[in-house]
């Protein structure tokens, strides 16, 4: 089972919903919980992916996640505890446009996947197409491997975001990063 932890402000709920929706469309068995309902990992054995939405104020779970999305700017102590649990085979997804996040996260051993409008971001968008079907053109600027060692090379592909168009582009890019990290084929999420 792949465990995705999302820590952040209210936007983490939106990231969770996007990941859940797109992964469910691929046929994977996906379950999401709030950290207060998390309990023991053993109670979720039949799922392929477990998404845990973590409240940054309550530092109750220090769990080892395969993928951790940091979307909170203010709780660096808790974030550092979670990041320190990540190993070399795990992934950390960060907003490349929040410079202070990099300054306050120490000892990253995990594979770092950055999202945003920054030129050095691993995943960015080259355009947002406003049409009948709102679409974002996602650009992989830096190749990486998925959790199952599948190579994801530099490329562009479009994703229909009609259901998610009220979200920030960072939420959408973070969710797409998680989906690709899980080894989902790009064709299954692109237009």
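Coordinate-derived values only; no laboratory data. Everything quoted here is computed from the prediction, not taken from an experiment. Note: ideal-geometry Cβ built from the backbone for every residue, glycine included; neighbour counts use all protein chains shown.
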> How high is the relative contact order of the stretch 135-187, in percent, counting Cα pairs under 8 Å that sit 6 or more residues apart?
Replying inline: 39
> What ranking of 187, 48 emerges when the number of other C-beta atoms within 10 Å of each C-beta is taken as an exposure proxy, fewest first?
Replying inline: 187, 48
> What order, most packed first, do the peptides 114-127, 147-160 have when packing is the mean number of other Cβ atoms within 10 Å of each residue?
Replying inline: 114-127, 147-160
> If each of residue 108 and residue 88 carries a label point 7 Å out from its Cα toward its Cβ, how far apart are those two points in nm?
Replying inline: 1.8
